[in-house]
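The values are calculated or read from the model by the stated rules, or taken from the named source; none is laboratory data. Values in this document were obtained by computation on a predicted structure and should not be read as measured data. Methodologically, a virtual Cβ is constructed for each residue, glycine included, from the backbone with ideal geometry; neighbour enumeration extends over all protein chains shown.
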Amino acid sequence: MPTVNFVNEKKQIEVPAGANLRVEAMKAGIKLYGGLNGVGAGLNEVFNCHGLGHCGTCRVKITKGMENASPMSMMEKVTFKYNPLGPALFAYIGNEDTMRLACCTRVEGDMTVETKPPLNLTGENFFS
């Protein structure tokens, strides 16, 4: 069974191959919804898309084992690139190779995940 290591929470969980990352993280008590750099996290836990892939609040950074994640879905691509109302667009800039939505990611092997990656609205990647 694949192992998912959550860096911020210092927690490892074993999941069945092909399991949904959001579902398994929530089962393990891991909070995925960080709000806008921490502001509004409680609201995002209630007011999210519940795994449909269009709000972008369950974004995670896969720092190791990206090859063990399912391919990026069309909904993820749209949410990351074209949804100006969601926070995922601004977190995605500069993290295109490592950012995913937990609700759209299937775990096929071991991976290391950073939950609630911050938005970088003033960094060099945003304005480049």
Problem set entry | Failed condition for Leu43, given (1) modelled with pLDDT of 90 or more; (2) farther than 16 Å from Leu89 by Cβ | (1)
Problem set entry | Whichever residue in segment 69-121 is modelled with pLDDT of 95 or more and of a type in the set (Asp, Glu) and, among such residues, is nearest to Asn20 (Cα to Cα) | Glu108
Exercise. Strands (runs of 3 or more DSSP E) wholly in segment 1-116 with at least 2 residues that are surrounded by fewer than 16 Cβ atoms within 10 Å (Cβ to Cβ) - which ones?
Worked result: 11-14, 59-64
